Amino acid sequence: MGSKLVRSSFLNFIGNIIFRVGGYIYRFLMASLLGPSNYGILGLTLPFQGIFQALSAGGMPPAIAKYIAEYEILDEKDMARQTIYTSLKITTVLGLFFGFFMVFFAAPWIAEVYLQKPEATIPLQIVGLITPFSAIIGAFRGGFQGVYKMEYMLYTRAVEQLGMILFATAFILIGLSVSGALLGTTLGFVFSAILSVYIFKNHMGEFIPPKNPNFKFTHRDELKLVKKLLWFSIPVIITSLAEMGIYTIGTLVMGRYLTADLIGYFTAADPIARLPLIISISLSVTILPATSEAFSIKDNSKLKKYVSEAYKYTMIFVIPMCIGIALFSKEILGLVYFTNPDYMAGATAMSILTIGMSFYSIYVISTSIIQGTGNPRIPMYILIGGIVASIFLNIWLVPTHGIVGGAIANTLSCLVMVFPILYFVSRYTKTNFPIRPIGKILIASIIMGIVILILPKSRTGLLIGIVICPIIYILSIIGLRFFTLEDIANFRGYSAKLGPLSGLANKILDFVEKFLIKSK
């Protein structure tokens, strides 16, 4: 895989780790300070926060990334610059509109009529304050993504996360409860937006140069660009909303039927279950512009290589992570939320949700690939089908099986989406899903899972598992000859960048290479 894709994926991986770790710190603090009931109210606001953020962003970030990547490779710098400015106008208007709508209309109705929980009114109104800032940040991040400057995305996300943690904790400690948590989130987005503007003005000149005085761009031209962006972004935003639906339909249905403390248990389990998505989301962000480039210049060999390796190197991490988290769910919840053991009640739901994330990871990678080939409507149609399935399954299972029913509904909905999305990836890229390598990953993960079942179900067993299970998995994956000699050669190119660990990395690569040669 090209160095640009590997570097960008690595930076996104690091960024997602930071974001996830920060998210867990945030959720741990909120869960500990608020307690299950108030934490459940906070959990009920999160789906609406995501929905209104998606609406205000207007689907612009992927559209910006796609067209900037294309304009850059065609050396049309002026159009790349204009794409960002036009997108900022669109997202600013949308952000202000949906923020106003949330504060004065949507929040009171959601809290008092649908959820029948009036205490959620003010927290939901604060969500409306977040909306404009998140829209602006999204537009700039699309620009950063389009020129592969993923570190800029990392910086803005780090500031956003740090602000959320510090301000939310401070506001809760002075007695503002759930509203304080969301006010802290708002300030995190404010500072992230300020940093995004600063980076764009001072560090993007190499890629997006200042306005060329000879560049003519009329209002009619801008309307054409708006139409072009919206034509791509409308299905993307529908896809984003449907994507959130897969995550949040269960929570929204629970809000209607279950008590706040049960929702608090589910809210505590859900982010840990999504931990494997660090891998798939990291790669999906860079596979979109990479696929778009290869597709636009009709480089079919490069396109097939990107697609095949995206799946292989996503699932080699995702599958064992899913199995490990599912089998150690109770112990992980007890360790993460050690200040309140009540949250361990979400263990069964977390195990089921985690398995669903392996299916969803395949979908995430496939979506970016298809969007990169200029077909954003395909994931939208598939997600709509998944949403319909999720609604029916949740309404059927949640009232009788509670949070476990919601987890089952989520996992089945993700599974339903995998088969059609893989069909369309194969159709548009002429690349088949790498069944043989994924089968080897699954076998190695099952071997690791058997070891986990033998270990004691306690914190001690969890700590032992964290040490020995990766070793067992790595030895199993090597023994099954997952890696090729070409893989080893590619890895050597990056081992030199590991500093003091480069010597150890080369010794491991030497061992694997000798094993592969002897086992031929």
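Criterion first (in a helix (DSSP H, G or I), surrounded by fewer than 23 Cβ atoms within 10 Å (Cβ to Cβ), among the acidic types (D, E) and modelled with pLDDT under 90) does E331 satisfy it?
Against the criterion (in a helix (DSSP H, G or I), surrounded by fewer than 23 Cβ atoms within 10 Å (Cβ to Cβ), among the acidic types (D, E) and modelled with pLDDT under 90), E331 does not qualify.
Scan segment 358-374 and tell me whether some residue there is outside any helix (DSSP H, G or I), in contact with a helix residue (DSSP H, G or I) (Cβ under 6 Å, 6 or more places away or on another chain) and more than 30 Å from L463 (Cβ to Cβ).
Yes - at least one qualifying residue is present in segment 358-374.
Those residues that are over 14 Å from A111 (Cα atoms) and aromatic (F, W, Y), I need them from segment 31-64; list them, please.
Correct list: Y39, F52.
Can you name the residue in segment 101-139 that is small (G, A, S) and either in contact with a strand residue (DSSP E or B) (Cβ under 8 Å, 6 or more places away or on another chain) or under 29 Å from V159 (Cβ atoms) (or both) and is also surrounded by the most Cβ atoms within 10 Å (Cβ to Cβ) among such residues?
A135
Given (1) part of a helix (DSSP H, G or I); (2) out of contact with any helix residue (DSSP H, G or I) (no Cβ under 9 Å at 6 or more places or on another chain), identify the lone condition not met by R157.
Condition not satisfied by R157: (2).
It is to be established whether one or more residues within segment 310-328 are in contact (Cβ under 8 Å) with a residue 24 or more places away in the chain and outside any helix (DSSP H, G or I).
Initial filter on segment 310-328 (in contact (Cβ under 8 Å) with a residue 24 or more places away in the chain): 310-328.
Applying the additional criterion that residues be outside any helix (DSSP H, G or I) yields 328.
Within segment 310-328 (the criterion being in contact (Cβ under 8 Å) with a residue 24 or more places away in the chain and outside any helix (DSSP H, G or I)), the answer is yes, since at least one residue qualifies.
Go through segment 279-293 residue by residue and tally those that are farther than 10 Å from K66 by Cα and crowded, with 23+ Cβ neighbours inside 10 Å. It would help to see each step written out before you state the result.
Step one: list which residues in segment 279-293 are farther than 10 Å from K66 by Cα, which gives 279-287.
Remaining after also requiring crowded, with 23+ Cβ neighbours inside 10 Å: 279-280, 282-287.
Of the residues in that region, 8 qualify.
Exactly one condition in (1) closer than 30 Å to V113 by Cβ; (2) touching a Cys at 6+ places or on another chain (Cβ under 7 Å) is false for P276; which is it?
(1)
For segment 47-61, how many residues are in a helix (DSSP H, G or I), crowded, with 21+ Cβ neighbours inside 10 Å and touching a Ser or Thr at 6+ places or on another chain (Cβ under 7 Å)?
Total meeting the criteria: 6.
Take residues that are closer than 23 Å to T91 by Cα and not aromatic (F, W, Y) and tell me which of the helices (runs of 4 or more DSSP H) falling wholly in segment 200-308 contain 1 or more. Please lay out each step first, then the result.
Numbers: elements: 219-257, 260-273, 277-296.
In segment 200-308, the matching helices (runs of 4 or more DSSP H) lie at 219-257, 277-296.
Take the residues of segment 425-439 that are farther than 22 Å from L480 by Cβ and among the β-branched types (V, I, T): which is modelled with the lowest pLDDT?
Per the stated criteria, the residue is T431.
Right, I378: in contact with a Phe, Trp or Tyr (Cβ under 6 Å, 6 or more places away or on another chain), part of a helix (DSSP H, G or I), modelled with pLDDT under 95 and within 18 Å of L303 (Cβ to Cβ) or not?
Yes; evaluated as a whole, the condition is true for this residue.
Answer yes or no: is there a residue in segment 256-264 that is surrounded by fewer than 24 Cβ atoms within 10 Å (Cβ to Cβ), at pLDDT below 75, aliphatic (A, V, I, L, M) and in contact with a helix residue (DSSP H, G or I) (Cβ under 9 Å, 6 or more places away or on another chain). Step through it out loud before you land on a result.
So the first thing to find is which residues in segment 256-264 are surrounded by fewer than 24 Cβ atoms within 10 Å (Cβ to Cβ), and the list is 256-262.
Filter once more, so that each one left must be at pLDDT below 75: none.
Taking every residue of segment 256-264 in turn, none turns out to be surrounded by fewer than 24 Cβ atoms within 10 Å (Cβ to Cβ), at pLDDT below 75, aliphatic (A, V, I, L, M) and in contact with a helix residue (DSSP H, G or I) (Cβ under 9 Å, 6 or more places away or on another chain).
With (1) of a type outside the set (A, V, I, L, M, F, W, C); (2) within 21 Å of G143 (Cα to Cα); (3) at pLDDT 80 or above as the list, and E70 as the residue in question, which single condition is left unmet?
(3)
The values are calculated or read from the model by the stated rules, or taken from the named source; none is laboratory data. Since the structure is predicted, the reported quantities are computational estimates derived from the model, not experimental observations. Counting neighbours? That spans all protein chains shown, and the Cβs are built from the backbone with ideal geometry, glycine included.
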